[in-house]
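Peer 1: Take a look at this one; I'll ask things after.
The values are calculated or read from the model by the stated rules, or taken from the named source; none is laboratory data. Predicted, not measured: the structure shown is a model, and the values here were computed from it. FYI the Cβ positions are ideal-geometry reconstructions off the backbone, even for glycines, and counts take in every protein chain you see.
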Amino acid sequence: MSTPAQISLGGSGEETGADVGFHVAPVSRYWLGRLVEIDANWNPKSWSVQLFEKELSSPSSEVRGLFYGSELVGYLIAHIVCDEAHIVSFGVAPEWRGRGGGKLLLNDFLRSSSLQGIVVHTLDVRVSNVRARALYEECGFSVVGLRRNYYSDNGEDALTMRRESRSVKAVAS
């Protein structure tokens, strides 16, 4: 059975520029060790196994994985409240960056959450993370605020970014 991400690629990956070997699927507890490993590659204050377990069991969290074949190579975690989603963690393993998988994962989440009635998506990103900011802007996010000294590891500021859209669910009603 194809995942929504596989269907959106149309078999060629041309829509997103992603390698056709990528697909998006929910993440289970089986992948806890790999989630921690991917997170530790980019997050100076990486999450513990217990924190990932909490996200996986929370009814207000959505945890999606980016897979290449059967290997978990990235993930996205969002908190859903009413018609809003806040992306709290999003990462791709370093050896898999630059291949379009992160964009595929983010777009898949934005598309599916819109089908569930989400109309506002937000996230915070380090001011210095130019590559991530460019991806978010390409996917329709814009800067709406600055959080001074947001990151406790080095006191770096964060930009708050927001994306608004009409809910596909609301439009269909």
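Peer 1: Is it the case, given these coordinates, that Ala18 is at pLDDT below 75 and either surrounded by 12 or more Cβ atoms within 10 Å (Cβ to Cβ) or assigned to a helix (DSSP H, G or I) (or both)?
Peer 2: Yes.
Peer 1: Could you check Pro59 against (1) surrounded by 14 or more Cβ atoms within 10 Å (Cβ to Cβ); (2) assigned to a loop (DSSP other than H, G, I, E, B); (3) modelled with pLDDT of 90 or more and say which number it fails?
Peer 2: Only one criterion is unmet by Pro59, namely (1).
Peer 1: So how many residues does region 17-74 have that are within 13 Å of the chain's Cα centre (by Cα) and small (Gly, Ala, Ser)?
Peer 2: Within region 17-74, residues that are within 13 Å of the chain's Cα centre (by Cα) and small (Gly, Ala, Ser) number 4.
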